[in-house]
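The values are calculated or read from the model by the stated rules, or taken from the named source; none is laboratory data. All values derive from a computational prediction rather than experimental measurement. FYI the Cβ positions are ideal-geometry reconstructions off the backbone, even for glycines, and counts take in every protein chain you see.
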Amino acid sequence: MSDVLTLLLALRQSADGGVVDAIERLIAEAPDRELNRINVLSFAAKNGLDEEKTIAAFLHAARLGLFDLSWNVLCPGCGGVLDASTTLRSVNRDEYCCALCAAGYEPTLDEMVEVTFTVSPRVRKIAAHEPDKLSMWEYDRQMFWSSGVDLPEDFEHEVEDIVLDSVELPPGERAILSLQLPPEFVIVFDPVTHSTQFIDVKGEPTKERQAFSIVLEETHPQHETLTLHPGPLRLALENHSGKRALPAVWVAGQKLHDLIGHRRPFLTAKRLLTNQTFRDIYRTQTLDIDQRLKITSLTFLFTDLKGSTELYERVGDLVAYDLVRTHFKVLQDIVASEAGAVVKTIGDAVMATFPTPDRAISAAVRMREAMRKLNEERGSEDLLLKIGIHEGPCLAVMLNERQDYFGQTVNIASRVQGLATSRAIFATGTVVEDPETSRFIKRQGLHPMAQKAALRGVTDELAVYEIP
């Protein structure tokens, strides 16, 4: 049996069989391009697979060595990859600059960091394992633009109407391009070094040859915009970097915007950090102790068992311990099935995260029903769950050797849980008023009751809803 078949067999022990079948076909049959920086959500949609099961399968496959996981910092504007690494620990700058968009961005884990998977060279050798050998347009497609940019199949043909000229330039080499400048905004851009030069072409056309030169460097300094006339241009390009460069002269018009403007969902770092399989596999390997990464929106759910002290006294330590463990297992399964993750347990309490508020509310309703069924089976009311939910910005951090979260959003979620009585779900206005949450609540026939609440450590009263 080959090593790949052995790894796939091992993968079947921990991942969904249908997803593993699709992964096996992908490795055996897909063209090289489809095995580089795989967009897991797109892969799931194309194959009619459940997203959560697909994410889990690729994580297990990466752990086994079938794929290499990559964390890519993206430009929110053009969708280009500004930085790529095998670890989230490398996302350590206060600002990432996109030379193509001439803009800087503070990194957040919501939409600025994607997670992709590339087949391991030990499993199958593909062209992208040696990016310096990719053709110019395959380099643009596979290495510069992110998996969230939905480029057309005939990308190379499409750029013919957008690119005035291009050249492959080895390290230390120089080239001269002769071209006609149209009365448009033009960008000279190299996707390897990210060197960029903006040219505003306007005014009266000229027949005299205009000339200027650009030095391509890995520091890719931002040059001031040049103003030139429509007409002939002699463009000198010098590659001072240690890599092959692929500069092209793009017309930055509507056709370029249309070409790169089609977007599709992709696996974000935020979604992966709040994935139970990821937390189980990677545990303490995600962040450095001093890292503080921003998330603009994450939903926190806290639970606690009412009267757990009395429970231990009433039924005894052994029975109570088994009950509490059963309750933890049920809650964790529900959290994971709703695209969430248990961050930690504190005594008899659970802290969990979800990518969106509606997932948290759905989990809370299912938790309450699960506890009701467990109590019915026992003929008692031993497991009475109090639940609180809040959504907002936070920081992803390392605390006590585990990936955790910090900020006022976390504090408020905990305080809201403290308002809850047995069997009640308490959620803040940002959760209940979320459009997807509102639709879910309506479908379930629930009727949240609004109230104002003063929470310890929070200056203003908050709108809090009780979901009976």
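Which residues, taken from the stretch 18-41, are part of a helix (DSSP H, G or I) and among the aliphatic types (A, V, I, L, M)?
Matches in the stretch 18-41: Val19, Val20, Ala22, Ile23, Leu26, Ile27, Ala28, Leu35, Val40, Leu41.
Which one of these is closer than 25 Å to Val330 by Cα and either surrounded by fewer than 18 Cβ atoms within 10 Å (Cβ to Cβ) or under 26 Å from the mean Cα position of the chain (by Cα) (or both): Gly379, Gly392, Gly429?
The match here is Gly379.
Kindly indicate which of Ala15, Ala44 is in a loop (DSSP other than H, G, I, E, B) and surrounded by 21 or more Cβ atoms within 10 Å (Cβ to Cβ).
Within the list Ala15, Ala44, the selection yields Ala15.
Looking at the stretch 314-329, which of the residues that are touching a Leu at 6+ places or on another chain (Cβ under 8 Å) and at pLDDT below 75 is surrounded by the most Cβ atoms within 10 Å (Cβ to Cβ)?
Ala320
Given the options Thr87, Thr54, name the one that is of a type in the set (Val, Ile, Thr), farther than 22 Å from Lys125 by Cβ, surrounded by 23 or more Cβ atoms within 10 Å (Cβ to Cβ) and out of contact with any Phe, Trp or Tyr (no Cβ under 6 Å at 6 or more places or on another chain).
It is Thr54.
Go through the stretch 51-65 and report how many residues are under 15 Å from the mean Cα position of the chain (by Cα) and of a type in the set (Gly, Ala, Ser).
Of the residues in the stretch 51-65, 1 are under 15 Å from the mean Cα position of the chain (by Cα) and of a type in the set (Gly, Ala, Ser).
Name the residues in the stretch 280-304 that are under 30 Å from Lys46 (Cα atoms), surrounded by fewer than 21 Cβ atoms within 10 Å (Cβ to Cβ) and at pLDDT 90 or above, would you?
Residues satisfying the conditions are Asp280, Ile281, Thr296, Ser297.
Given the options Gly148, Gly172, Gly231, name the one that is at positive phi, surrounded by 13 or more Cβ atoms within 10 Å (Cβ to Cβ) and in contact with a strand residue (DSSP E or B) (Cβ under 8 Å, 6 or more places away or on another chain).
None of the other options fit; the residue is Gly231.
Are any of the residues in the stretch 52-60 in the same structural domain as Glu106 (by TED's automatic domain parsing) and not in a helix (DSSP H, G or I)?
Within the stretch 52-60, none of the residues are in the same structural domain as Glu106 (by TED's automatic domain parsing) and not in a helix (DSSP H, G or I).
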